[in-house]
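K.L.:
Got a structure for you, written out below as structure tokens; questions coming shortly.
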Amino acid sequence: MFSLMCAWYAFFSLLAILAYGFDKYAAIRGQWRVRESTLHLLSLLGGWIGALMAQRLFRHKRSKQRFMLVFWGSVFVNLLGLVLVLSQWSAFM
């Protein structure tokens, strides 16, 4: 179970890093951008660790207060879901 969860978080974190990197590149070039809802969905699904790393690495989206508010909300919801899953899983063990 633990290795599956680690793989899940690693997969969505990698996707988030790639999405943030692509979005930053597109923003610089004035091209098509990744929707903010897509970035938030990746965070909600567990990619928030990678998203946080990408925000720091690319200096991207950190100054947008509304975006960051929704981002931290998605982190909270993800962690709440993780706690619920783990508590249910431990009940079956």
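K.L.:
Give me the residue from the stretch 42-61 that is of a type in the set (Lys, Arg) and under 19 Å from Asn78 (Cβ atoms) and, out of that set, surrounded by the most Cβ atoms within 10 Å (Cβ to Cβ).
P.N.:
Per the criteria, the residue is Lys61.
K.L.:
How do the pairs read when you match residues in the stretch 59-82 that are under 13 Å from Leu39 (Cα atoms) with residues anywhere that are surrounded by 13 or more Cβ atoms within 10 Å (Cβ to Cβ) and aromatic (Phe, Trp, Tyr), using Cβ under 7 Å and keeping only pairs 6 or more apart or on different chains?
P.N.:
Filtered contacts from the stretch 59-82: His60/Tyr20; Lys61/Phe67; Ser74/Trp48; Val75/Trp48.
K.L.:
Taking the criterion of being in a helix (DSSP H, G or I), over 14 Å from the mean Cα position of the chain (by Cα) and in contact (Cβ under 8 Å) with a residue 12 or more places away in the chain, would at least one residue in the stretch 41-52 satisfy it? Full working, then the answer.
P.N.:
Let us first name the residues in the stretch 41-52 that are in a helix (DSSP H, G or I), namely 41-52.
Checking the rest, the ones that are also over 14 Å from the mean Cα position of the chain (by Cα) come to none.
No: the stretch 41-52 contains no residue that is in a helix (DSSP H, G or I), over 14 Å from the mean Cα position of the chain (by Cα) and in contact (Cβ under 8 Å) with a residue 12 or more places away in the chain.
K.L.:
Only one of Trp89, Trp72 is of a type in the set (A, V, I, L, M, F, W, C) and closer than 25 Å to Met1 by Cα; which? So that I can check it myself, show each step before the final result.
P.N.:
Numbers: Trp72 fails: closer than 25 Å to Met1 by Cα.
Being of a type in the set (A, V, I, L, M, F, W, C) and closer than 25 Å to Met1 by Cα holds for just one of Trp89, Trp72, which is Trp89.
K.L.:
What are the residues in the stretch 25-40 that are assigned to a helix (DSSP H, G or I) and among the polar types (S, T, N, Q), if any?
P.N.:
Ser37, Thr38
K.L.:
Mind checking which residues of the stretch 62-71 are surrounded by 13 or more Cβ atoms within 10 Å (Cβ to Cβ) and part of a helix (DSSP H, G or I)?
P.N.:
Phe67, Met68, Val70, Phe71
Bear in mind that the values in this text are calculations on the coordinates, not laboratory data. The shown structure was predicted, so the numbers you read here are calculated from the model rather than taken from an experiment. Cβ: placed from backbone, ideal geometry, glycine included. Neighbour counts: every protein chain shown.
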